[in-house]
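Below is one structure, written out as structure tokens, with a few remarks after it.
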Amino acid sequence: MELYSQVYDYLLIVMSVLGVGVFVILQFITPAYGMTFNTRWGFSVRSNLGWFIMEIPVFFTMLVLYFISLYFNIRPFNIVTFIMFFIFEFHYFQRSFIFPLLMKGQSKMPLSIIITGFVFNTCNAIMQGGWLFYFCPENYYPIEWLWSPQFIVGFIIFLGGMVLNIYADRVIRDLRTDPYDNNYYLPQKGPFKYVNSVNYLGEILEWFGFAILTWSVSGLVFCLWTCANIIPRAKAVYERYELFFGEEFTSQKRYKILPFVY
């Protein structure tokens, strides 16, 4: 088990370094999906299928890691880690099975984006599941953890981020009344008056909260990756809104993603 623990530690280091690298690269390259789609990234499929393929491995990998740990009695059942597992899986159930079904329009996603997302999500499930079910100290999560400041604060932030993320997705989705409409519209409701990428802000809050409630390096690495991927994405979306809507958009002086910061 010690060897596996060392491999796991190296995985966290490699993923941290890659996350920083991704952030730098995305300052110069904009992945081609959603509003920034183009055909230069190769073969593409429908976005809802792409999201399903990309998100599903994290849900099932986490599930398999959990049941292997229980079946082989690697770690006894722990209500705290089970709740963390449930929180994580609840998010990815929504993103894997519900979100793609609700999508409107006929937008496409390149296979190259899907493959990279598939690989990252699998690695992320190994990071989170590895910590919770295999490598965290055996007494790290006693029952008292559930009323500790880090769990309470982290859970509130996570839940708030999830609600914000789902709400923002619904606002954007409802701008299209025709399921085959591929046009983009300017969301104006609620927090969209102040922040352009409300959905991305919600996702950052979710994984920032998860890092706090687990109080783990693995959670922190995932939060780092989320920011590295999403903050440059928010900038690209902001620029695309400027191009599409001009003064109607720029006159609102919205923040790109982080209120009062960026």
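Relative to the longest principal axis of the chain, what angle (0 to 90°, nearest 10) does the C-alpha long axis of helix 149-174 take? In the chain, helix 149-174 runs at an angle near 30 degrees to the longest axis.
May I ask for log10 I(q)/I(0) of the chain at q = 0.12, 0.13, 0.17 Å⁻¹, from a Debye sum over the Cα atoms as equal point scatterers with solvent left out? Here the Debye-derived log intensity ratios amount to -0.76, -0.89, -1.44.
Please give the net charge around Ile231, taking every other residue with its beta carbon less than 12 angstrom from that of Ile231, where Lys and Arg add +1 and Asp and Glu add -1.
Around Ile231, the surrounding residues sum to +2.
Computing Rg and the Kirkwood Rh from the Cα coordinates of the range 154-240 gives a ratio, Rg/Rh, of 1.04. Think of it as helices only: each DSSP H run of n ≥ 4 in the chain is worth -39500 (n - 2.57), and spread over all residues that comes to -21000 deg cm²/dmol at 222 nm. Comparing Lys108, Lys189, Lys235 in a Gaussian network model of the chain (Cα springs below 10 Å), the most mobile by mean-square fluctuation is Lys189. Computed from the alpha carbon positions, the gyration tensor of the range 120-164 leads to an equivalent ellipsoid with semi-axes of 21, 19, 5 Å, biggest first. Using a Gaussian network model of the chain in which every pair of alpha carbons under 10 angstrom is joined by a spring, one finds that among Trp207, Trp225, Trp41 the greatest mean-square fluctuation is at Trp41. Computed from Cα positions, the angle between helix 2-25 and the longest principal axis of the chain comes to roughly 20 degrees. Simple spin-label estimate for Leu101 and Glu138 gives 4.2 nm between the two label positions (7 Å along the Cα-to-Cβ direction from each Cα). Helix 79-93 and the longest principal axis of the C-alpha atoms of the chain enclose an angle of approximately 30°. Note on the range 1-79 and the range 180-233: Cα centroid distance 16 Å, given to the nearest whole angstrom. For the range 2-250, the dipole from Cβ point charges (+1 on Lys and Arg, -1 on Asp and Glu) about the Cα centre works out to 520 debye, to the nearest 20.
Every read-out reported here was derived from the displayed coordinates using simple, explicitly stated rules and does not represent laboratory data. Quick caveat, the model's predicted, so the values are computed rather than measured. All Cβ positions, even for glycine, are placed from backbone atoms using ideal geometry, and neighbour counts span all protein chains on display.
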